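Peer 1: A single structure is presented below for examination.
The values are calculated or read from the model by the stated rules, or taken from the named source; none is laboratory data. Keep in mind the model is a prediction, meaning the values are calculated, not measured. Every residue, glycine among them, receives a Cβ derived from its backbone with ideal geometry; neighbour counts consider all protein chains shown. The area values use the complete protein model at the heavy-atom level, side chains included, leaving out ligands, DNA and RNA. Shrake-Rupley method; radii C 1.70, N 1.55, O 1.52, S 1.80 Å.
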Amino acid sequence: MASTFIGNYVDSKMLRLKELLLTMQEFFYFALRAFSTLPKAKRYWRDVLDQALICGVESIPIVLVSSISIGALMSMEVGNLLEEFGAKTMLGRSTSNAVLRELGPLLMGLMLSARYGSRNGAELGAMQISEQIDALRAFGTDPIAKLVMPRLLAALIMFVPLIALSDFAGLQTGALVAEYYHKIDPGIFWNSIYPRLAPKDFVVSFLKAPVFAIIITLVSSFNGFSARGGTAGVGRSTIKGIVASSGLVLVANFYVSKIVLDIMH
């Protein structure tokens, strides 16, 4: 009895492992096809512009809300900590390190994973369920080039200015909190930032933009194309895409920072 139970348990785990490996193989093939269609961007330039509006301009409010919140919070909490050691004049540098390198890009990635990734997953999942993607194939149109490539290219273009906006808003909010909450002169705050800014601070921040764009777009689109089982399947695939892309954004955020800082140490 025990041996039968153990055997069934092992078989179920092996089956899940095989399914996971098969899914990873399908995803990498999907990603290669998406990148191979980038030369066709000129043909679908209207779709690229539409997606740039969706993932870029329409995402500005949520990016600003998240960056303003984290900039104010970091300035307040770090300032309280530095005040205990009599080092409030270093608040600007401490806040800029956290916002520029880590929190600004990370929060932007998570917000866009929830907003843009969920939209991709739901929209493409609905098209898959309603057989619109099969109709594109029947008319001789590559659905990857028509539906995925514009989303990928738009994200690669628009995530860079969004990160710049997130960093700028976070630092400006941190300066305001330092001035009105900690009573630190703005000149002292900014003078502790500018002389100590290094190229690696910007490389770490802006290198995360294309990495996050690739993760969010491809993961959400892949799950949309994989939707099965009616409207409930669309919901499952959308949620799966959000969870997977958010987790990968967190992992990528760590490794990009580690690799760049180790190289440019």
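Peer 1: Do we have Leu112 as within 15 Å of the chain's Cα centre (by Cα) and of a type in the set (A, V, I, L, M) here?
Peer 2: Values: within 15 Å of the chain's Cα centre (by Cα): yes; of a type in the set (A, V, I, L, M): yes.
Considered against the rule, which asks whether it is within 15 Å of the chain's Cα centre (by Cα) and of a type in the set (A, V, I, L, M), Leu112 comes out as yes.
Peer 1: Taking the options Ala164, Ala213, Ala175, name whichever one is within 18 Å of Gly79 (Cα to Cα), of a type in the set (A, V, I, L, M, F, W, C) and part of a helix (DSSP H, G or I). Please lay out each step first, then the result.
Peer 2: Values: Ala164 fails: within 18 Å of Gly79 (Cα to Cα); Ala213 fails: within 18 Å of Gly79 (Cα to Cα).
Sole residue among the options that is within 18 Å of Gly79 (Cα to Cα), of a type in the set (A, V, I, L, M, F, W, C) and part of a helix (DSSP H, G or I): Ala175.
Peer 1: Moving on. Go over the candidates Asn120, Asn97 one by one and state the one that is in a helix (DSSP H, G or I), open to solvent by less than 40 Å² (accessible area, probe 1.4 Å) and polar (S, T, N, Q).
Peer 2: On the way: Asn97 fails: open to solvent by less than 40 Å² (accessible area, probe 1.4 Å).
The conditions single out Asn120.
Peer 1: When the residues of segment 173-188 are narrowed to those that are open to solvent by 50 Å² or more (accessible area, probe 1.4 Å) and of a type in the set (A, V, I, L, M), which ends up farthest from Lys208 (Cα to Cα)? Spell out the reasoning first.
Peer 2: In the first step, residues of segment 173-188 are kept if they are open to solvent by 50 Å² or more (accessible area, probe 1.4 Å); the result is 176, 179-181, 183, 185, 188.
Subsequent filtering for residues that are of a type in the set (A, V, I, L, M) retains 176, 188.
On the way: Leu176: 27, Ile188: 29 Å.
Of everything passing the filter in segment 173-188, Ile188 is farthest from Lys208 (Cα to Cα).
Peer 1: Counting only residues that are among the small types (Gly, Ala, Ser) and more than 24 Å from the chain's Cα centre (by Cα), how many does segment 199-234 have?
Peer 2: So in segment 199-234, the residues among the small types (Gly, Ala, Ser) come out as 205, 209, 213, 220-221, 224, 226-227, 229-230, 232-233.
Checking which are more than 24 Å from the chain's Cα centre (by Cα) leaves us with 229-230, 232.
Qualifying residue count for the region: 3.
Peer 1: Specify the residue that is surrounded by the fewest Cβ atoms within 10 Å (Cβ to Cβ); the eligible residues are those in segment 31-67 that are assigned to a helix (DSSP H, G or I) and among the basic types (Lys, Arg). So that I can check it myself, show each step before the final result.
Peer 2: Of segment 31-67, the ones assigned to a helix (DSSP H, G or I) are 31-36, 38-42, 45-55, 57-67.
So of that shortlist, the ones also among the basic types (Lys, Arg) come out as 33, 40, 42, 46.
Numbers: Arg33: 15, Lys40: 16, Lys42: 7, Arg46: 9.
Step by step, filter segment 31-67, then rank; the result is Lys42.
Peer 1: Sticking with this structure for a sec: Got a number for residues in segment 199-214 being surrounded by 24 or more Cβ atoms within 10 Å (Cβ to Cβ) and within 19 Å of Arg33 (Cα to Cα)?
Peer 2: The number of residues fulfilling the criteria is 2.
Peer 1: Taking segment 220-235 as the region of interest, how many residues are at pLDDT below 90, open to solvent by 20 Å² or more (accessible area, probe 1.4 Å) and of a type outside the set (S, T, N, Q)? Full working, then the answer.
Peer 2: Of segment 220-235, the ones at pLDDT below 90 are 226-235.
Still in the running and open to solvent by 20 Å² or more (accessible area, probe 1.4 Å): 226, 228-232, 234-235.
Then keep just the ones that are of a type outside the set (S, T, N, Q); that gives 228-230, 232, 234-235.
Looking only at that region, the number is 6.
Peer 1: I would also like to ask the following. Gly79 passes all but one of (1) open to solvent by less than 50 Å² (accessible area, probe 1.4 Å); (2) within 26 Å of Ile157 (Cβ to Cβ); (3) of a type in the set (Gly, Ala, Ser); which number fails?
Peer 2: In the conditions (1) open to solvent by less than 50 Å² (accessible area, probe 1.4 Å); (2) within 26 Å of Ile157 (Cβ to Cβ); (3) of a type in the set (Gly, Ala, Ser), Gly79 misses (2) alone.
Peer 1: A further question on this structure: If you scan segment 129-172, which residues turn out to be under 30 Å from Ser192 (Cβ atoms) and open to solvent by less than 60 Å² (accessible area, probe 1.4 Å)? Full working, then the answer.
Peer 2: Filtering segment 129-172 for residues under 30 Å from Ser192 (Cβ atoms) gives 159-172.
Correct list: Phe159, Val160, Leu162, Ile163, Ala164, Leu165, Ser166, Asp167, Ala169, Gly170, Leu171.
Peer 1: Among Glu123, Glu102, Glu84, which is of a type in the set (Asp, Glu) and farther than 30 Å from Pro61 by Cβ? Steps first, please.
Peer 2: Details: Glu123 fails: farther than 30 Å from Pro61 by Cβ; Glu102 fails: farther than 30 Å from Pro61 by Cβ.
Among Glu123, Glu102, Glu84, only Glu84 is of a type in the set (Asp, Glu) and farther than 30 Å from Pro61 by Cβ.
Peer 1: Scan segment 75-88 and tell me whether some residue there is of a type in the set (Phe, Trp, Tyr) and touching a residue at least 24 places away in the same chain (Cβ under 8 Å). I'd like the intermediate steps shown before the answer.
Peer 2: Narrowing segment 75-88 to residues of a type in the set (Phe, Trp, Tyr): 85.
If we keep only those that are touching a residue at least 24 places away in the same chain (Cβ under 8 Å) as well, we get none.
No, segment 75-88 contains no residue that is of a type in the set (Phe, Trp, Tyr) and touching a residue at least 24 places away in the same chain (Cβ under 8 Å).
Peer 1: Condition test on Phe139, is it out of contact with any Gly (no Cβ under 8 Å at 6 or more places or on another chain) and either of a type in the set (Phe, Trp, Tyr) or under 30 Å from Met74 (Cα atoms) (or both)?
Peer 2: On the way: out of contact with any Gly (no Cβ under 8 Å at 6 or more places or on another chain): yes; either of a type in the set (Phe, Trp, Tyr) or under 30 Å from Met74 (Cα atoms) (or both): yes.
Judged against the criteria, Phe139 is a match.
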